[in-house]
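What follows is a set of notes on a single structure, which appears directly below.
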Amino acid sequence: MLRLKNIHTHYGKVHALKNVSLRLLEGEIVTLIGANGAGKTTILNTISGVTPASSGEVLFENKQITELAPDRIVKLGISQVPEGRQVFKQLSVEDNLDLGAYLRYRSREDKASINEDREHIFTLFPQLLNRRKQLAGTMSGGEQQMLAIGRALMAKPKLLLLDEPSMGLAPLVFQEIFRVLHQLRHEHGTTILLVEQNAKAALKLADRGYVLETGKIILEGSSVELMDNTDVKRAYLGKEKG
Amino acid sequence: MQFDQLLQYVLSGLSTGAIYALIGIGFSIIYNATGIINFAQGEFVMLGGMLTLLFLDSCKLPLWAAIPCAIAVSTASGMLFERLAIRPLRQPTPINLVIITIGGSILIRGLSMLLWGKDTHAIPPFSGEEPIAVGGATILPQHIWILGITLLIIAANKFYFYHTISGKAMRACAYNRRAAGLVGIDVRRMVLFSFIISSAMGSVAGIIVAPLTMTAYDVGVMLGLKGFCAAIIGGMSSGGATVVGGLILGILESLGAGLISSGYKDAIAFIILLLILFIRPQGLFGKAQSERV
């Protein structure tokens, strides 16, 4: 479904991604693990067109998307839940969700089906329901994360990119979010690329994983293989509470 | 000081204030969508008045037809300005943008001077010049037009920004540009939109004020700065705060001119501008934002 071929990405003078290649099959959950600054977020932003690759190719459903602008990429069916939520804090929960469906409104899709999807988000995250008129910035971090995921889902993506959904969240909220990711795959077959600090939880959820170190992929394999790998165990699974 | 006279100053202040508010909202809309202070905003105000005149005199159109034509052409020039001067910038640093908009403003003013000369012109009032008594004061029918049209535009503006998906998308760009791109909003298109809306609003302001104050190739400078002042008082809000800012400015100006000396009329706007920038740069009504991260 998605292929990255020999991607190099530069952030100003920083060579953030060095020859990264990876692939996702339809319906898979794949996770990227690695330390801070390893380039995980850059991979997602390169796919989303926020920090375009300086060389290499990004292919989505066999189409070149390497140089497309972020909004075009969303239109093709890739939505990103960015690091740190990035909800529109001064807008209400409902408005945030509506903006998630911006392209569907633009293509004059039936309002009833958009409304239906919005209600579906409220069944996925019942906590948001009571807060639908509330400004997003006044909610807790966990609720904002739920909203950010809901907003991305409103675009009906084929591929969901998630950047550190558990960052700064209490364990209970964290479990709630992972429960929903699990449910998404089962009920909708959404393909997910997950960047996560909590490598143990991520590998538990994912089918496969890639390990990044300083902009390079140093290891890849099924989740089971990675969890048994001594290097991974030592470097990423040792302090699972961290 | 007689009450009647005071009322007179306040009433005429309100109508000039409404004009400043419209121009100020134009500044805010572009600023919020792009971070640019568009110093060419005043020129679109001028174009509104001068183009109405062109369509009236040279094309012999009736007023009701000349006005929409003038708005359309000013809006198109606002669009062109964004396309030719703003979008091609490779490194849109704030200082580059400021210089570009000032340059654009000088260019538009210069071309207008070549085209129309330096004379001051009048546009006929929309509906007669029979003064209307209000309390002990009098106002002109044009004042009512100004207040009515301003109210209408502000209401339409509010509806657009709060109740349409495109307006919400434009606000989203203002709040968080990157996230806006990530939900599929074409940010550059929204920038163009903001220029379209602002130049249209600016030209309307220029048209409705022209029967009272006359118009010339260089009216945009002063009107633009007054509008900017209104926007600064309002903390660059594209809603109520800037409207109030415009009204405050209009009334103070009119009171100052009436009670002190008409020579100080323009100085008042700049004193307020400086005071606000020194003391409350977040605007008169701005408050420190409370957000949970």
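A short reminder: the numbers here are calculations on the coordinates, not readings from a lab. Since the model is a prediction, treat every value here as computed from it, not as a measurement. For neighbour counting, all protein chains shown are included, and Cβ atoms are generated from backbone atoms with ideal geometry for every residue, glycine included.
Some values worked out for this structure:
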{"item": "Loop-resident sites, the stretch A:94-123, for trypsin sites (Lys or Arg not before Pro), counting at most 16 other Cβ within 10 Å (DSSP)", "result": "A:Arg108"}
{"item": "Neighbour-count ranking [beta-carbon atoms within 10 angstrom, fewest first] of B:Leu182, A:Leu59, A:Leu91", "result": "A:Leu59, A:Leu91, B:Leu182"}
{"item": "Residue among A:Asp207, A:Asp110, A:Asp163 with the largest mean-square fluctuation in a Gaussian network model of chain A, springs linking Cα atoms under 10 Å", "result": "A:Asp110"}
{"item": "Rounded, prolate or oblate (a/c below 1.5 giving rounded, otherwise prolate when a/b exceeds b/c) for the stretch A:34-92 by Cα gyration tensor", "result": "oblate"}
{"item": "Amide hydrogen neighbours beyond the local backbone of A:Leu17, cut-off 5 Å, H modeled", "result": "A:Thr9"}
{"item": "Estimated distance in nm for a label pair at B:Ile95 and A:Thr138, the labels positioned 7 Å out from Cα along Cα-to-Cβ", "result": "4.2"}
{"item": "Distance histogram for the stretch A:82-149 (every C-alpha pair counted, 5 angstrom bins, percent rounded to whole numbers)", "result": "4, 18, 30, 24, 16, 7, 1"}
{"item": "GNM result for chain A, Cα springs below 10 Å: residue of A:Val50, A:Val74, A:Val30 fluctuating most strongly", "result": "A:Val50"}
{"item": "Ranking of B:Asp218, B:Asp119 by count of other Cβ atoms within 10 Å, fewest first", "result": "B:Asp119, B:Asp218"}
{"item": "Within the protein assembly as shown, helix-based [θ] at 222 nm, where runs of 4 or more DSSP H residues each add -39,500 (n - 2.57), nearest 500", "result": "-18000 deg cm²/dmol"}
{"item": "Karplus-derived HN-Hα couplings along the stretch A:224-234 (A = 6.51, B = -1.76, C = 1.60, θ = phi - 60°), whole Hz, x at Gly and Pro", "result": "4, 4, 5, 5, 8, 5, 5, 5, 4, 4, 5"}
{"item": "Label point 7 Å beyond Cα of B:Arg87 along Cβ direction - residues of the stretch B:46-76 with amide nitrogen under 16 Å", "result": "B:75-76"}
{"item": "Residue order, fewest to most surrounding Cβ atoms within 10 angstrom, among A:Ser223, B:Ser238", "result": "A:Ser223, B:Ser238"}
{"item": "Amide H contacts of B:Met214 (H built 1.01 Å from N, under 5 Å, at least 5 apart or other chain)", "result": "B:Ile123"}
{"item": "GNM flexibility winner over chain A from A:Leu129, A:Leu160, A:Leu44 (Cα, springs under 10 Å)", "result": "A:Leu129"}
{"item": "Share, in percent, of DSSP beta bridges within the protein assembly as shown that are antiparallel, nearest 5", "result": "60"}
{"item": "Calculated from backbone phi, Karplus (6.51, -1.76, 1.60) coupling profile of the stretch A:7-22 in Hz, x at Gly/Pro", "result": "7, 10, 10, 10, 10, x, 9, 7, 8, 7, 10, 10, 6, 8, 10, 7"}
{"item": "Inter-chain Cβ neighbour average for residues B:165-178, partner chain, 10 Å", "result": "5"}
{"item": "Sequence-distant residues sharing a close amide H with A:Thr190 (under 5 Å, placed H)", "result": "A:Arg185"}
{"item": "Residue-count net charge about B:Lys118 - beta-carbon cut-off 13 Å; Lys, Arg +1, Asp, Glu -1", "result": "-1"}
{"item": "Residue-wise HN-Hα coupling along the stretch B:94-101, computed from phi with Karplus coefficients 6.51, -1.76, 1.60 (Hz; x: Gly, Pro)", "result": "x, 5, 4, 5, 4, 4, 4, 5"}
